[in-house]
Structures are given as C-alpha cells and as structure tokens.
Amino acid sequence: MSGRRLWAMTRKEIHHILRDRITFFLVLLSPALMLVIMAYSLAVDIQNVPVAVLDQDRSALSRSFIQQITAGQDLDLRYYASGMDEIEDLLMRGSIKAAIVISPSFSSDLMSMRGVPIQIIIDGTEPSSGGFAADHIGLRTEEFINTILASRIQALDIDNIQPVDLRVRTWYNPSMKSEVSIIPGLVSMVMGFPALSVAMTLAREREHGTMEQLMATPISRPDLLVGKMIPYTLVGMVNVFLLTLLAMVFFNVPFNGNFPLFFALSVIFLFAIMALGILIGVFVSTQSAAVGLSFLVIFFPGFFLTGIFFPIVAMPELVRLESLFLPGTQYAIITRGAFLTGVGLEVLWPYAVMLVFLWGIFTVFAALFFKKRLA
C-alpha cells in the first residue's frame, strides 16, 4: 500500500462528496434527518387511550375508584356504558380500546376483604393500546386497594398487619420515556447510512465506466478500497458529534458516559460498517443494486436483530448467533451504555473487540473478492 496513491484515491472521493449534492446529503445530513423522523415515528408514549366504564355498583366507593383509575392523561374516559351490549358496540366501532366492568357487589366485597370484582375488556386488534390500558388499570387498582385496606386495618385496630408496601425504582430512565431508551439505539442504525454511500461509490465506478481509468493507474486493490473508505469514515466522525448533540439537545436524552471513549469506539464501528459497505459494493455492478443489497444486509437486520426494539435474549438461538456478526448489534450496546448507564471500557471492551474482528473479516473478504477489472 502506497501512502501517495492512497491519498490520491482519498482526495478523489472527497472531491466527489463535495461536488455531488446527493452524496453530500446522504452521508452528512441524512443520518440526522432519519434520526429525527424515526424518533418521532417510533418513540411514541401512549396516552389518552379511550375507555368506557360499566358501573353496576353505582356507589360512592365505585365512583371514587373510577375517578382514581382515570386520573391523568393515560386513560380518557369517553363513555359510561349502560350494559354489555353497548360495550360490545363501542369496541366493534373502534370507539374505545378498553372497558372496565364493575360488578354490583364491588363495595361490599371490597370492604369485607373478599376481593375486587372487576373485569377489564381490551381490544385485541390493537394490543399495544389495550395492553397499556390494562396495565395502567391494574396498577391504579392496586393503589386503590392498598389505600382502602390501610384504612380498614386502622379501623379494626389491628397492629400486626400492614398492607403491601411495594416501591419501584427505575434506574437510568426514571421517567420511563420511550425516546430516552430508543434514540441511543437509533443512533447506531442511522450511522450506517455512510456505508450505503461506500457501496454505491464502487458500483458507480462500474456503472459510469470510470473503472477503466482506475485500471490504467498503478493503484493497488488495498489503495482503492481503503481510499474509498476513509472519506466516508471521516464524515461519519462528524456525524458522531452531530447525532450526540441532536439527541441531547433536541430529545433531552442524557449522556452519562465518557465522550472521548464513545468517540473512539464509534470510529471502530465506522471502520467496521464501512468495510461491510465495501464488501457489498464488490458484488454489485449498479447503484440501484447497491442500495437494495445494503438495505437487506445493513438496515433491515439493523432494525430487527440489533436489540433496539426486540430483546436479543428473546430471539431463537440461530438468530442470536446471526446478530453477533452485525456491527450494529455491538454498537447499539455501546451507544446505550454511553448514553444511559454511563459504563466504561471495563464493560464495553468485548463489543469493541468484536467490532475490530468484524472490521478485519469484512476487509479481508472485500480484498479477496475484489477484482480491478470491468464487470
């Protein structure tokens, strides 16, 4: 590998990035734009779920219970149903996502400590909203029962019985906001966009016939491949700063880790993902094919297999093994560790080592399969 030839190849690619507006947008601005779009589309906190109540008890205690479970913005009490037929009609028309049925013996059973006779009906066609309503109603019901039991125990003058005192403490994301947990993972996904450009640039050389000019030069395969990788890696480094700043300022995501360490690990990820982009570009001869294959190899697996939305431990063993060979899987753990938990190299070093390994494997395979000839 020659330093002079490597610099010539790097400079050629830098000029292309600055001259081509589409490429400039794709490598520099599209990651930030996609982070904003995906964050607003995917990081949604469910609120104002429409519900109905069928109160067959109609007592002061049941009214107090309804008032407590519907307080706040989580549930929106739309209807007081008169019977089960009306609830069924509301669910069929999609007017509500859940219904609460209070039995006629609600007050007497609760005060005599025989249980809480209520029923929750949810709309299974939209399980996210229905499940959220059921969880919220269950939690508020426990709080209501705890309050009633405490007053009953005090009235009965029983000193050796106390209601359950359950205290939940949430670490790293106390507000339980979805964007705080999702956005660090999304950073690892959108950082793969420059790799798409790397694959396209090799395909462009073949598609436009400029590979003939490169064939006439004494440039070697490593010079060509690494020279095309370096400019996009440099742009990716700029994106590390932009995306971190965007997450912290625009979405109020805390950054609890060491930024120099995070930046260094991000550079390793960039080299690994760029090497994967080069490997994709080696096997395609058109830019459209490069885009399609990049989405199949980088972005679709990055969405489903990196643990951003679905826990890796819940996946089948074969899929878990496949996810280990995705740079995005390792980097998603690094970004969440840097942003949320604030862990250091003593925790993140295995993922850094795996990224170095993937970088080497992808680079070796790209160099072996690349032939400096016309397609």
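Say whether the condition of being touching a Leu at 6+ places or on another chain (Cβ under 7 Å), open to solvent by less than 50 Å² (accessible area, probe 1.4 Å), free of Cβ contacts under 8 Å to residues at least 40 places away in the same chain and not in a helix (DSSP H, G or I) is met by at least one residue in the range 93-107.
No: the range 93-107 contains no residue that is touching a Leu at 6+ places or on another chain (Cβ under 7 Å), open to solvent by less than 50 Å² (accessible area, probe 1.4 Å), free of Cβ contacts under 8 Å to residues at least 40 places away in the same chain and not in a helix (DSSP H, G or I).
Check whether at least one residue in the range 195-213 is under 18 Å from the mean Cα position of the chain (by Cα), within 21 Å of residue 302 (Cα to Cα) and not aromatic (Phe, Trp, Tyr), and report yes or no.
no
Considering only residues that are free of Cβ contacts under 8 Å to residues at least 40 places away in the same chain, within 25 Å of residue 224 (Cβ to Cβ) and open to solvent by less than 40 Å² (accessible area, probe 1.4 Å), which ones fall in the range 278-325?
292
Under 30 Å from residue 121 (Cα atoms) and open to solvent by 30 Å² or more (accessible area, probe 1.4 Å): which single residue out of 57, 20 fits that description?
On the way: 20 fails: under 30 Å from residue 121 (Cα atoms).
After applying the criteria, what remains is 57.
Only one of 167, 140, 152 is surrounded by fewer than 20 Cβ atoms within 10 Å (Cβ to Cβ), modelled with pLDDT of 80 or more and basic (Lys, Arg); which? Spell out the reasoning first.
Details: 167 fails: modelled with pLDDT of 80 or more; 152 fails: modelled with pLDDT of 80 or more.
Criteria check complete, one pass: 140.
List, please: which pairs have Cβ atoms under 6 Å, are six or more places apart or on different chains, and start with a residue in the range 207-226 that is closer than 23 Å to residue 279 by Cβ and end with one that is modelled with pLDDT under 75 and crowded, with 16+ Cβ neighbours inside 10 Å?
219/5; 223/5
Is it fair to say residue 6 is among the aliphatic types (A, V, I, L, M) and under 30 Å from residue 182 (Cα atoms)?
Spelling it out, it is not the case that residue 6 is among the aliphatic types (A, V, I, L, M) and under 30 Å from residue 182 (Cα atoms).
Take the range 201-228 and flag every residue that is within 21 Å of residue 31 (Cα to Cα) and either modelled with pLDDT of 85 or more or of a type in the set (Ser, Thr, Tyr) (or both).
201
Counting just the residues of the range 39-54 that are at pLDDT below 85 and not small (Gly, Ala, Ser), which one comes out surrounded by the most Cβ atoms within 10 Å (Cβ to Cβ)?
42
Is there a residue being open to solvent by 60 Å² or more (accessible area, probe 1.4 Å), outside any strand (DSSP E or B), at pLDDT 85 or above and charged (D, E, K, R) anywhere in the range 63-79?
Yes - at least one qualifying residue is present in the range 63-79.
I need every pair where a residue in the range 21-35 that is in contact (Cβ under 8 Å) with a residue 24 or more places away in the chain has its Cβ under 6 Å from the Cβ of a residue that is of a type in the set (A, V, I, L, M, F, W, C) and surrounded by fewer than 18 Cβ atoms within 10 Å (Cβ to Cβ), sequence separation at least 6 or different chains.
From residues that are in contact (Cβ under 8 Å) with a residue 24 or more places away in the chain, the pairs are 32/242.
Starting from residues that are assigned to a loop (DSSP other than H, G, I, E, B) and open to solvent by 80 Å² or more (accessible area, probe 1.4 Å), keep the ones in the range 108-121 and report whichever is nearest to residue 145 (Cα to Cα).
My answer is 113.
The values are calculated or read from the model by the stated rules, or taken from the named source; none is laboratory data. Owing to the predicted nature of the structure, the values given are computational and were not obtained by experimental measurement. As a convention, Cβ positions derive from the backbone with ideal geometry for all residues, glycine included, and neighbour counts pool all protein chains shown. To get the accessible areas, we keep the full protein, side chains included, count just its heavy atoms, and leave off ligands, DNA and RNA. Shrake-Rupley method; radii C 1.70, N 1.55, O 1.52, S 1.80 Å.
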